[in-house]
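Below is one structure; the comments refer to it alone.
The values are calculated or read from the model by the stated rules, or taken from the named source; none is laboratory data. All values reported here derive from a predicted model rather than from experimental measurement. Using ideal geometry, Cβ is built from the backbone for each residue, glycine included, and neighbour counts are taken over all protein chains shown.
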Amino acid sequence: MNASIRRITVLAATCAAAAWMVGCASSSAKLNHLSLGMSRDEVVKTLGRPHGVSAQGDVEFLTYNLLNKGVGDIKEFVVRIQKGSVESFGERSNFGSSLFGTNAPAGATAK
């Protein structure tokens with residue numbers, strides 16, 4: 001393969017990967033529309049389908065990969081639903097181990 005074809009192939013693959021990553025992420029600005037006490041259905045209407053779901057007992061964790069448009073990076077956000085309503089939400093790394101408490105889903109680790 002000559003050098004120019006190789007460059008075009010690499011550029012096309014890079015653009016496709018970037019478009020896929022942005023297409024899979026919602027904007028973190030949508031978090032401004034969340035509030036404590038919202039139902040699970042209201043969260044899904046606001047943020048869309050979660051990228052991951054885990055649960056233990058009466059606690060459910062909805063995980064979203066959200067794009068911080070000002071910076072352009074993708075962060076992991078978690079919505080913690082207890083007894084059917086939002087108990088807490090935010091960037092996963094800000095919660096530490098308090099996010100999961102004693103209700104950590106199998107394989108969950110605090111960042």
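Out of the residues in region 70-93 that are part of a loop (DSSP other than H, G, I, E, B) and modelled with pLDDT of 85 or more, state the one that is nearest to Val43 (Cα to Cα). Once the filter is applied, the top-ranked residue is Gly84.
Yes or no, residue by residue, for (1) modelled with pLDDT under 60; (2) surrounded by 12 or more Cβ atoms within 10 Å (Cβ to Cβ):
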{"position": "Ile5", "(1), (2)": "no, no"}
{"position": "Ala16", "(1), (2)": "yes, no"}
{"position": "Ala19", "(1), (2)": "yes, no"}
{"position": "Ser28", "(1), (2)": "no, yes"}
{"position": "Gly37", "(1), (2)": "no, no"}
{"position": "Leu47", "(1), (2)": "no, yes"}
{"position": "Ala55", "(1), (2)": "no, yes"}
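Provide a single number: the residues in region 32-46 that are farther than 21 Å from Asn65 by Cβ and in contact with a Ser or Thr (Cβ under 7 Å, 6 or more places away or on another chain).
Residues in region 32-46 being farther than 21 Å from Asn65 by Cβ and in contact with a Ser or Thr (Cβ under 7 Å, 6 or more places away or on another chain): 2 in total.
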